[in-house]
Amino acid sequence: MTRQAQPVFREEQSLAMRRQRILLAIVPGAMLLLLIWQVILGHPWGKHPISNANVIGWTIFLWIVYLRLITVRLVTEVRTNELAVGMHGLWRERRIPWSDIKSAKVINYHPERDYGGYGIRTTRAGKAYIAHGTRGVRLELAQGRTVIIGSKLPEELAAAIHRSIQALTGLGRATMAADTEE
């Protein structure tokens, strides 16, 4: 089993979900109240109540799903041979080899207006991976597609991408713009 080398750059961001966490907790919270009412206090709920075992099972299942959803993180890694980005805990990571990247540029964006919110978003041009904030890096890929990666440290991410591509190719084929795009 081969071990991967330490990434040149790693950033981990939690999703901006304060309101959503409260909304997501409503169903498991209601099941917890039902569990207390029916199982602990002994008051059946409704004319045809579900069994106590089902109440306990569904309560545990819903809390596990809730805890899984609130611990999802956007992880971006610049490795020696590729860029990896993904929602850990929910989705596989996407690996982009350096040969596919034409340019990396720091940008500003509005998550809701430009991409429909946070998470993994698909646009006509490509994909957007957004967890938090309004800044990130736009990657222009060889196939004409783009990938947007939201970042709290977009300048460092773009610089790490640029350095890695230069180290691999030795030609400096990819360009990095330090200026910001609106």
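The values are calculated or read from the model by the stated rules, or taken from the named source; none is laboratory data. All values reported here derive from a predicted model rather than from experimental measurement. Every residue, glycine among them, receives a Cβ derived from its backbone with ideal geometry; neighbour counts consider all protein chains shown.
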Open item on the list: So in the range 17-42, with the set limited to residues that are in contact with a helix residue (DSSP H, G or I) (Cβ under 8 Å, 6 or more places away or on another chain) and not in a helix (DSSP H, G or I), which one is farthest from Gly150 (Cα to Cα)?
Closed with: Ala25
Open item on the list: Which condition from (1) part of a helix (DSSP H, G or I); (2) in contact with a helix residue (DSSP H, G or I) (Cβ under 6 Å, 6 or more places away or on another chain); (3) modelled with pLDDT under 90 is the one that Trp45 breaks?
Closed with: (1)
Open item on the list: What's the total number of residues in the range 93-133 that are over 14 Å from Thr76 (Cα atoms) and not in a strand (DSSP E or B)?
Closed with: 17
Task: Checklist (1) assigned by TED's automatic domain parsing to the domain that holds Ile120; (2) loosely packed, with under 13 Cβ neighbours inside 10 Å; (3) of a type outside the set (A, V, I, L, M, F, W, C) applied to Gly46, failing item - done: (1)
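Can you tell me which residue within the range 91-127, out of those that are aliphatic (A, V, I, L, M) and over 21 Å from Pro7 (Cα atoms), is surrounded by the fewest Cβ atoms within 10 Å (Cβ to Cβ)?
From the range 91-127, those aliphatic (A, V, I, L, M) are 96, 101, 104, 106-107, 120, 125; that's our starting set.
Narrowing the set further to residues that are over 21 Å from Pro7 (Cα atoms) leaves 107, 120, 125.
Details: Ile107: 20, Ile120: 17, Ala125: 14.
Among them, the one singled out is Ala125.
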Task: Options Val75, Val55: the member that is under 17 Å from the mean Cα position of the chain (by Cα) and either not in a loop (DSSP other than H, G, I, E, B) or not basic (Lys, Arg) (or both) - done: Val75
Task: Which numbered condition Gln166 fails, given (1) surrounded by 15 or more Cβ atoms within 10 Å (Cβ to Cβ); (2) part of a strand (DSSP E or B) - done: (2)
